[in-house]
Amino acid sequence: MTALTLSTSGAATLRADALVVGVAKGTGAKSGLVVAPGAEAVDKAFDGKLAAVLETLGASGAEGEVTKLPAPSGLKVPVVIAVGLGQVPAKDEAYDAEALRRAAGSAARALKGSKKAGFALPTESAEDAGAVAEGALLGAYAFTAYQGGEDKLAPKGAKSPAKLPLGEVALLGTKPRDKAFKAAAERAVAVAEEINRARDLINTPPNDLYPESFAAVATAAGKEHGIKVQVLDEKALVKGGYGGLLGVGQGSTHGPRLVKLAYTHPKAEKTLALVGKGITYDSGGISLKPAGHNETMKCDMSGAAAVFAAVVAASRLGLQVNVTGWLALAENMPSGNATRPGDVLHMYSGKTVEVLNTDAEGRLVLADALTRASEEKPDAIVDVATLTGAMVLALGNRTFGVMANDDAFRTSIHEIAEEVGEASWPMPLPADLRKGMDSPTADIANMGERMGGGLVAGLFLKEFVGEGIAWAHLDIAGPAFHEGAPYGYTPKGGTGSSVRTLVRLAERTAAGDLG
Ligand code: BES
Ligand code: MN
Ligand code: ZN
């Protein structure tokens with residue numbers, strides 16, 4: 001794990017493998033490349049010609065651009081890395097926190113294999129320092145658990161070629177003794193480490209991560225962080241009548257689990273319930289997915305991973321709010337025991353559901369968990385799920401959809417996401433789409449009209465939320481798993497989408513800012 005330090009030494013005296021500076025695109029009279037604040041000492045070591053040198057090398061300051069150059073003799077590092085921050089901000093305005101996060105992430109990624117780097121990016125405010133720290137720790141992430149082991153055919157003592165993540169991020173130009181800076185750094189470490197924990201779980205192959213093993217990870221983390229964890233195994237689910245979880249999980253040799261994580265604060269006035277879709281592998285079941293649609297379906301537990309990470313982060317930050325996490329874990333597989341299209345499930349709520357498509361399984365496990373969460377009468381419920389391909393078609397690969405039974409709550413979530421640098425968009429729950437789920441046999445079917453499929457899924461979930469409880473549904477099917485080239489602080493694979501939104505929501509709830 002990458003360490004974070006608030007360094008007291010200046011850029012000129014820091015001994016490290018590299019120094020990271022920010023550069024931006026100038027505007028108006030000052031067009032061309034501009035060196036961002038924080039890099040003054042580095043620029044001085046270049047005799048004030050850092051911008052000119054970088055321009056000669058073709059740098060423009062564009063977001064995501066990384067330029068490496070050898071350091072001049074005045075510095076105690078061999079390499080300087082210039083990262084683009086995009087457009088220079090308007091006069092008297094600070095750099096956008098998300099631009100800082102992404103730049104720090106790109107730099108940290110480029111520093112794979114290094115031990116220590118000093119980050120001399122603009123960090124005038126504690127918030128900006130937190131953003132740089134968060135971006136660097138997230139960008140440094142690498143999933144290497146399954147690489148570089150012993151190879152019987154390799155010569156004895158041969159080292160694995162896998163490069164380790166950057167070892168230490170030293171933040172320069174901050175105020176290490178200032179309370180706000182220290183708090184921002186500690187928050188960044190907790191949040192980034194928990195996001196990286198979620199990424200690890202998402203990236204873990206489904207032959208190793210299944211409901212039982214996921215529950216064991218949650219139990220262990222609960223012990224470590226003072227969170228009460230209860231696991232309902234198959235027997236307990238049968239006894240409790242959790243037909244949704246059981247119906248989805250019955251085709252697999254790995255039985256389903258419902259995990260409850262309870263973080264409580266003695267002075268909490270509000271309780272937030274978070275519910276996560278935890279399909280550890282989604283083959284589609286009897287309505288089997290075709291090849292080309294199942295290769296990344298280990299990511300179908302990203303909602304549960306995000307909820308888990310958010311509860312642990314809330315505990316690590318000691319937030320004055322109760323946060324309960326519900327992980328609805330099952331593996332969706334076809335077999336002689338699997339649920340058939342046409343089967344009717346008796347849900348935990350008492351409702352019956354006709355399963356018309358076993359690939360619409362997420363809503364079934366979530367329905368049981370939402371009902372169970374509602375029984376405890378929390379002040380609000382947020383569920384997170386890689387729920388529909390339709391949401392990916394609607395919003396693309398980087399934006400999650402937000403639906404809710406309360407417009408103000410939906411707006412709050414969207415604004416909170418924006419504030420923490422996560423792209424989201426409010427989506428409606430049109431009542432006319434409900435009739436498509438009418439079933440001749442059961443109370444409701446698990447499928448409706450194809451058009452607006454993401455909203456249909458949201459409408460289904462809504463029926464399993466307790467009366468009078470504010471509820472929001474985040475469909476993260478697009479951003480949960482990144483298949484393209486890494487960018488900013490976003491790696492290939494599991495991203496940890498929505499963790500930052502959930503943590504900020506918990507902070508806002510603790511502060512009494514919501515409802
Ligand atoms: N896990 C999938 C949704 C998904 C798709 C997540 C792409 C991530 C990337 C979900 O269980 C699913 O299969 N949904 C179906 C629902 C349909 C059968 C009503 C879908 O979206 O096609
Ligand atoms: Mn599915
Ligand atoms: Zn699924």
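Annotations
Matching residues to (1) in contact (Cβ under 8 Å) with a residue 12 or more places away in the chain; (2) among the basic types (Lys, Arg); (3) under 22 Å from Gly22 (Cα atoms):
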position: Leu153; (1), (2), (3): no, no, no
position: Leu166; (1), (2), (3): yes, no, yes
position: Gly173; (1), (2), (3): yes, no, yes
position: Ala180; (1), (2), (3): yes, no, no
position: Asn196; (1), (2), (3): yes, no, no
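- Taken over segment 372-393, the criterion of being more than 10 Å from ligand 3 (Cβ to nearest atom) and open to solvent by 20 Å² or more (accessible area, probe 1.4 Å) is satisfied by Arg372, Glu375, Glu376, Lys377, Asp379, Ala390, Val392, Leu393.
- Glu134 being of a type outside the set (A, V, I, L, M), buried (at least 20 other Cβ atoms within 10 Å of the Cβ) and closer than 17 Å to Ser7 by Cα: yes
- Scanning segment 344-363 for residues being part of a loop (DSSP other than H, G, I, E, B) and away from ligand 1 (no atom under 15 Å from the Cβ) gives a total of 5.
- Residue match in segment 193-202 (condition: buried (at least 16 other Cβ atoms within 10 Å of the Cβ) and either at pLDDT below 95 or farther than 24 Å from Phe308 by Cβ (or both)): no
A quick yes/no check of all residues on (1) farther than 22 Å from Asn337 by Cα; (2) within 24 Å of the chain's Cα centre (by Cα); (3) assigned by TED's automatic domain parsing to the domain that holds Ala369:
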{"residue": "Ile279", "(1), (2), (3)": "no, yes, yes"}
{"residue": "Ser287", "(1), (2), (3)": "no, no, yes"}
{"residue": "Thr296", "(1), (2), (3)": "yes, yes, yes"}
{"residue": "Asp300", "(1), (2), (3)": "no, yes, yes"}
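- Number of residues in segment 293-348 that are among the aromatic types (Phe, Trp, Tyr) and open to solvent by 40 Å² or more (accessible area, probe 1.4 Å): the value is 1.
- Any pair with Cβ under 9 angstrom, 6 or more apart, that starts in segment 284-297 at a residue that is within 20 Å of Thr204 (Cα to Cα) and part of a loop (DSSP other than H, G, I, E, B) and ends at one that is within 11 Å of ligand 1 (Cβ to nearest atom) and among the aliphatic types (A, V, I, L, M): Gly284/Met297; Asn294/Leu288
- Filter result for Val259 (in contact (Cβ under 8 Å) with a residue 24 or more places away in the chain, among the β-branched types (Val, Ile, Thr), within 16 Å of ligand 1 (Cβ to nearest atom) and open to solvent by less than 10 Å² (accessible area, probe 1.4 Å)): no
- Pair list, Cβ < 6 Å and 6+ apart or interchain, from segment 451-471 residues that are closer than 19 Å to Arg372 by Cβ and at pLDDT 95 or above to residues that are among the charged types (D, E, K, R) and surrounded by fewer than 20 Cβ atoms within 10 Å (Cβ to Cβ): Ala470/Asp406
- When we screen Leu6, Leu50, Leu19 for residues that are in contact with a strand residue (DSSP E or B) (Cβ under 9 Å, 6 or more places away or on another chain), hydrophobic (A, V, I, L, M, F, W, C) and without any contact (Cβ under 8 Å) to a residue 40 or more places away in the chain, the only hit is Leu50.
- The numbered conditions (1) part of a loop (DSSP other than H, G, I, E, B); (2) under 29 Å from Val191 (Cβ atoms); (3) aliphatic (A, V, I, L, M) are all true for Ala338 except (2).
- Test: residue in segment 223-246 that is open to solvent by 40 Å² or more (accessible area, probe 1.4 Å) and within 16 Å of ligand 2 (Cβ to nearest atom): no
- Checked against (1) open to solvent by less than 30 Å² (accessible area, probe 1.4 Å); (2) away from ligand 1 (no atom under 16 Å from the Cβ); (3) assigned to a loop (DSSP other than H, G, I, E, B), Leu272 passes all but condition (3).
- Single residue of segment 463-486 satisfying the filter (within 19 Å of Asp359 (Cα to Cα) and open to solvent by 20 Å² or more (accessible area, probe 1.4 Å)) that is farthest from ligand 3 (Cβ to nearest atom): Phe481
- One residue stands out among those in segment 27-47 that are of a type in the set (Gly, Ala, Ser) and touching a residue at least 12 places away in the same chain (Cβ under 8 Å): the one that is surrounded by the most Cβ atoms within 10 Å (Cβ to Cβ), which is Ala39.
- Hey, Leu288 open to solvent by less than 10 Å² (accessible area, probe 1.4 Å) and of a type outside the set (Lys, Arg) or not: no
The values are calculated or read from the model by the stated rules, or taken from the named source; none is laboratory data. Everything numeric in this text was worked out from a predicted model, so none of it was measured. For neighbour counting, all protein chains shown are included, and Cβ atoms are generated from backbone atoms with ideal geometry for every residue, glycine included. These accessible areas exclude ligands, DNA and RNA; they are computed on the full protein's heavy atoms, side chains included. Shrake-Rupley method; radii C 1.70, N 1.55, O 1.52, S 1.80 Å.
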